[in-house]
Amino acid sequence: HTTTITTAMDPESIPEPIMDEERIPYTLPIELFGEDTVACVLSIKAVCRKRGLAQIEQHILQQANQDVVHATLMMMQEAVMDSREAIVCQAMDVWHQTHQIGELADASYMERAFGGLLKRTSDSNVTELVLVLVQEYPYLLQLYVCKPERIVHNHKEAKARVQLVETTVSKLQVSLQDVMSFVVVYLKHVHEDVRQAAVKLLVTISEQF
């Protein structure tokens, strides 16, 4: 029992309470995973986030149905936005577990979480998960390989996005029209290195088609 007392006293292991405005959007995860797990994932404390993600992973392994998959994707959408690599990696591991049963997921949940993942494409291990997911759910391709609704302005992220499309084109079947409408936009990017990445993508396209 002594261990429980010491963790209870460590302020870093106590998540911030869930705010009222978070309760409604997170009704499903709170219902399924419990107050503490959701508070942990929403917490800014690394110890709490890791604990929350580990608890969700346990939950998936024990019981997987559509609600569990949806609730997990909602939590992953939060966790992949973390600035700490260890937490993003853990979130992606959990997502890998979920994707095995991902056919249970409605496209809307999958797309929202995937949108969060795309914001992280400058992390190399994200590319791997993106490719796994688009092979499994081809409708996700339209979220980043078509003419972009909004161009990514930050040059590091923009370059990563172009490189992600290049990797996708070289590994998967992509429509020429979609990828051309993407590349045309990024050939006009304000940053030189993004334009160079777009030219490289153009070369890859010409080799593929």
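Would segment 48-58 turn up any residue that is assigned to a helix (DSSP H, G or I) and over 21 Å from His99 (Cβ atoms)? Yes, the conditions are met somewhere in segment 48-58. Filtering segment 132-166 to residues that are open to solvent by less than 80 Å² (accessible area, probe 1.4 Å) and touching a Leu at 6+ places or on another chain (Cβ under 7 Å) leaves Leu133, Val134, Leu140, Leu143, Tyr144, Val162, Val165, Glu166.
Residues in segment 97-106: is at least one of a type in the set (D, E, K, R) and over 30 Å from Val145 (Cα atoms)? No, that holds for no residue.
When restricted to residues that are in a helix (DSSP H, G or I) and within 15 Å of the chain's Cα centre (by Cα), segment 137-177 contains 7. Looking across segment 73-85, the residues that are open to solvent by less than 20 Å² (accessible area, probe 1.4 Å) and either aromatic (Phe, Trp, Tyr) or part of a helix (DSSP H, G or I) (or both) come down to Leu73, Met75, Met76, Ala79. Between Ser108, Ser170, the distinction of being free of Cβ contacts under 8 Å to residues at least 40 places away in the same chain, over 23 Å from Glu57 (Cα atoms) and hydroxyl-bearing (Ser, Thr, Tyr) belongs to Ser170 only.
Listed here are the residues, each with its yes/no results for (1) surrounded by 21 or more Cβ atoms within 10 Å (Cβ to Cβ); (2) of a type outside the set (A, V, I, L, M, F, W, C); (3) free of Cβ contacts under 8 Å to residues at least 40 places away in the same chain; (4) farther than 20 Å from Ser108 by Cα.
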{"residue": "Pro15", "(1), (2), (3), (4)": "yes, yes, yes, yes"}
{"residue": "Glu21", "(1), (2), (3), (4)": "no, yes, yes, yes"}
{"residue": "Glu35", "(1), (2), (3), (4)": "no, yes, yes, yes"}
{"residue": "Val38", "(1), (2), (3), (4)": "yes, no, yes, yes"}
{"residue": "Leu42", "(1), (2), (3), (4)": "yes, no, yes, yes"}
{"residue": "Lys50", "(1), (2), (3), (4)": "no, yes, no, yes"}
{"residue": "Gln58", "(1), (2), (3), (4)": "no, yes, yes, yes"}
{"residue": "Val68", "(1), (2), (3), (4)": "yes, no, yes, no"}
{"residue": "Ala71", "(1), (2), (3), (4)": "yes, no, no, no"}
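Restricting to segment 185-194, what's the tally of residues that are free of Cβ contacts under 8 Å to residues at least 24 places away in the same chain and surrounded by 12 or more Cβ atoms within 10 Å (Cβ to Cβ)? Explain how you work it out, then say what you get.
First, pick out the residues of segment 185-194 that are free of Cβ contacts under 8 Å to residues at least 24 places away in the same chain: 187-188, 192.
Imposing the further condition that a residue be surrounded by 12 or more Cβ atoms within 10 Å (Cβ to Cβ) reduces the set to 187.
Total satisfying the criteria: 1.
Kindly indicate whether any position in segment 172-188 is in contact with a Leu (Cβ under 6 Å, 6 or more places away or on another chain) and either of a type in the set (Gly, Ala, Ser) or within 23 Å of Gln97 (Cβ to Cβ) (or both). Write out each step before concluding.
Here is the first cut: in segment 172-188, the ones in contact with a Leu (Cβ under 6 Å, 6 or more places away or on another chain) are 183.
From what is left, the residues that are either of a type in the set (Gly, Ala, Ser) or within 23 Å of Gln97 (Cβ to Cβ) (or both) are none.
Scanning segment 172-188, I find no residue that is in contact with a Leu (Cβ under 6 Å, 6 or more places away or on another chain) and either of a type in the set (Gly, Ala, Ser) or within 23 Å of Gln97 (Cβ to Cβ) (or both), so the answer is no.
The values are calculated or read from the model by the stated rules, or taken from the named source; none is laboratory data. Keep in mind the model is a prediction, meaning the values are calculated, not measured. Cβ atoms come from the backbone with ideal geometry, glycine included; neighbour counts cover every protein chain shown. Surface accessibility is based on the protein's heavy atoms, side chains included, excluding ligands, DNA and RNA. Shrake-Rupley method; radii C 1.70, N 1.55, O 1.52, S 1.80 Å.
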